[in-house]
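The structure appears below as structure tokens.
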Amino acid sequence: MKEKKPFLIVILIQAIYCGMFLLSKAALDGGMNNFVFVFYRQAAATIFLAPLAVFFERKKALPLSLVTFCKIFLLSLFGIVLSLDIYGIAIVYTSATLAAAITNCLPVITFFLAVLLRMEVLELRTIAGVAKLAGILFCIAGAATLAFYKGPHLKFFGQHHLFGHPKLEDHLVHLPSNKAWIKGCFLFLISSTFWGLWLVLQAPVMKSYPPKLLFTTLQCFLSSIQSFAIAIAFERDPSQWKLGWNVRLLAVAYCGIVVTGLTYYLQAWVIEKKGPVFLAMSTPLALIMTMFSSAILLGEIISLGSLLGGLLLVGGLYSVLWGKSREQKVNGGSSLTVEGDKESSELKEEVASKNPPPLFV
């Protein structure tokens with residue numbers, strides 16, 4: 001049972017992300033304003049994490065310089081608020097399945113940005129370098145397929161929405177227009193790019209403020225204020241700010257507490273036991289779960305283009321991961337174990353500091 005535990009945990013993690021995609025889509029389909037949703041989500045995460053940060057890391061708290069505060073402020077604005085706001089608009093234009101598919105693109109985008117910022121090296125004279133380049137190309141091809149090719153529609157069981165939004169029932173059997181779909185794909189890529197930049201630029205900022213949980217809580221707090229300012233500017237209707245005992249409250253609580261809180265510990269545990277590559281390779285599970293769940297529960301229609309695009313994105317993900325793994329083995333020798341343990345430890349701390357998007361995150 002101990003050997004099977006990591007596999008069960010990664011399945012649970014991806015199931016949690018599947019629930020995030022579905023509940024986010026359901027809440028927005030039900031008429032909830034996207035900007036309001038992001039504010040409530042970040043506020044819930046802040047309320048959940050603040051007591052934990054004070055309890056576990058109050059003795060590690062360091063003086064926060066103005067420069068470091070400004071860096072964290074900008075990280076929160078671009079990496080969390082704008083990323084989530086754009087993601088929410090994109091999922092309204094498209095589907096939960098596409099949101100899950102684009103998640104597989106995030107590691108590739110992050111690697112590409114790291115190469116551009118000279119934080120990663122791409123050696124095209126090696127097999128590993130070629131594999132990583134192929135992964136980037138697969139990712140581009142997958143994104144293009146998702147955006148510009150639909151193909152035949154695949155229907156699963158009935159086209160019934162679990163939450164039964166009356167205004168949507170007549171439109172469930174139709175996919176979004178080509179223009180809206182392409183716009184949604186483009187926005188998803190922008191959102192993933194912002195999130196990828198957040199992942200890449202977060203590491204140097206964390207060096208000046210090491211307490212991971214306090215760092216995460218501060219970002220959640222700042223993003224709550226920033227998202228509130230954006231939400232109040234775009235939504236003045238008081239009825240849109242009411243949650244009630246419905247899918248809106250469920251989505252906010254789930255994304256703010258379960259996704260941010262529970263997966264924080266589960267991902268760190270998996271990385272400690274099996275390493276970061278094992279966790280990353282489980283990402284396509286969320287796509288498979290979301291594809292079937294959204295078709296059955298939300299009445300979404302899956303197209304052949306979505307399937308092909310998703311497969312290309314998964315192929316790109318695995319190609320980059322394989323290239324990275326091979327590169328580590330080639331650089332290894334006797335130092336491989338030490339380097340791997342160091343990287344695993346660092347990535348464990350990174351995961352512990354992340355507030356997952358949609359997305360990936």
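The values are calculated or read from the model by the stated rules, or taken from the named source; none is laboratory data. Keep in mind that this is a model prediction, so the values were computed, not measured. Neighbour counts run over all protein chains shown; Cβ positions are idealised from the backbone, glycine included.
Can you tell me which of Ala15, Ala50 is of a type in the set (A, V, I, L, M, F, W, C), closer than 21 Å to Ala96 by Cβ and part of a helix (DSSP H, G or I)? Walk me through how you get there before you give the answer.
Working: Ala50 fails: closer than 21 Å to Ala96 by Cβ.
The match here is Ala15.
Just one of the numbered conditions (1) surrounded by fewer than 20 Cβ atoms within 10 Å (Cβ to Cβ); (2) of a type outside the set (D, E, K, R); (3) within 20 Å of Val247 (Cβ to Cβ) is not true of Phe73: (3).
Screening Arg236, Arg248 for residues that are basic (Lys, Arg) and in contact with a Lys or Arg (Cβ under 9 Å, 6 or more places away or on another chain) leaves exactly one candidate, Arg248. Residues that are in contact with an Asp or Glu (Cβ under 7 Å, 6 or more places away or on another chain) and surrounded by 20 or more Cβ atoms within 10 Å (Cβ to Cβ) do occur in region 292-314.
Does at least one position in region 158-180 carry a residue that is modelled with pLDDT of 80 or more and of a type in the set (Gly, Ala, Ser)?
Narrowing region 158-180 to residues modelled with pLDDT of 80 or more: 179-180.
Narrowing the set further to residues that are of a type in the set (Gly, Ala, Ser) leaves 180.
Yes, the conditions are met somewhere in region 158-180.
Residues checked against (1) part of a helix (DSSP H, G or I); (2) touching a Phe, Trp or Tyr at 6+ places or on another chain (Cβ under 7 Å); (3) surrounded by fewer than 22 Cβ atoms within 10 Å (Cβ to Cβ):
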residue: Phe228; (1), (2), (3): yes, yes, yes
residue: Gln240; (1), (2), (3): yes, no, yes
residue: Trp245; (1), (2), (3): no, no, yes
residue: Arg248; (1), (2), (3): yes, no, no
residue: Val252; (1), (2), (3): yes, yes, no
residue: Ile257; (1), (2), (3): yes, yes, yes
residue: Gly261; (1), (2), (3): yes, yes, yes
residue: Glu272; (1), (2), (3): yes, no, yes
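Listed by first and then second residue, the pairs with beta-carbon distance under 8 Å, at least 6 apart or on different chains, first residue in region 55-66 and farther than 14 Å from Thr216 by Cβ, second exposed (fewer than 10 other Cβ atoms within 10 Å of the Cβ) and of a type in the set (Asp, Glu), form an empty list. Just wondering, is there one or more residues in region 143-155 that are modelled with pLDDT under 80, surrounded by 15 or more Cβ atoms within 10 Å (Cβ to Cβ) and either in a loop (DSSP other than H, G, I, E, B) or within 24 Å of the chain's Cα centre (by Cα) (or both)? Within region 143-155 (the criterion being modelled with pLDDT under 80, surrounded by 15 or more Cβ atoms within 10 Å (Cβ to Cβ) and either in a loop (DSSP other than H, G, I, E, B) or within 24 Å of the chain's Cα centre (by Cα) (or both)), the answer is yes, since at least one residue qualifies.
If you scan region 26-47, which residues turn out to be in a helix (DSSP H, G or I), closer than 30 Å to Ala295 by Cα and of a type in the set (A, V, I, L, M)? Break it down into steps so the answer makes sense when it comes.
Filtering region 26-47 for residues in a helix (DSSP H, G or I) gives 26-29, 34-47.
After this cut, where a residue has to be closer than 30 Å to Ala295 by Cα as well, the list is 26-29, 34-42, 44-45.
Answer for region 26-47, where residues must be in a helix (DSSP H, G or I), closer than 30 Å to Ala295 by Cα and of a type in the set (A, V, I, L, M): Ala26, Ala27, Leu28, Val36, Val38, Ala44, Ala45.
If you go through region 85-125 and keep only what is under 15 Å from Leu28 (Cα atoms), touching a Phe, Trp or Tyr at 6+ places or on another chain (Cβ under 8 Å) and not in a helix (DSSP H, G or I), you end up with just Thr94.
For region 274-291, taking the residues that are part of a helix (DSSP H, G or I) and of a type in the set (Gly, Ala, Ser), the one that is surrounded by the fewest Cβ atoms within 10 Å (Cβ to Cβ) is identified as Ala280. The set of residues in region 53-70 that are assigned to a helix (DSSP H, G or I) and closer than 15 Å to Pro211 by Cβ comprises Ala53, Val54, Phe55, Phe56, Glu57, Arg58, Lys59, Lys60, Thr68, Phe69. Out of all the residues in region 189-201, is one or more more than 18 Å from the chain's Cα centre (by Cα), of a type outside the set (Ser, Thr, Tyr) and under 14 Å from Ile86 (Cα atoms)? Checked against the condition, which is being more than 18 Å from the chain's Cα centre (by Cα), of a type outside the set (Ser, Thr, Tyr) and under 14 Å from Ile86 (Cα atoms), region 189-201 yields no hits at all. Candidates are the residues of region 202-226 that are surrounded by fewer than 16 Cβ atoms within 10 Å (Cβ to Cβ) and among the small types (Gly, Ala, Ser); the one that is farthest from Leu82 (Cα to Cα) is Ser208.
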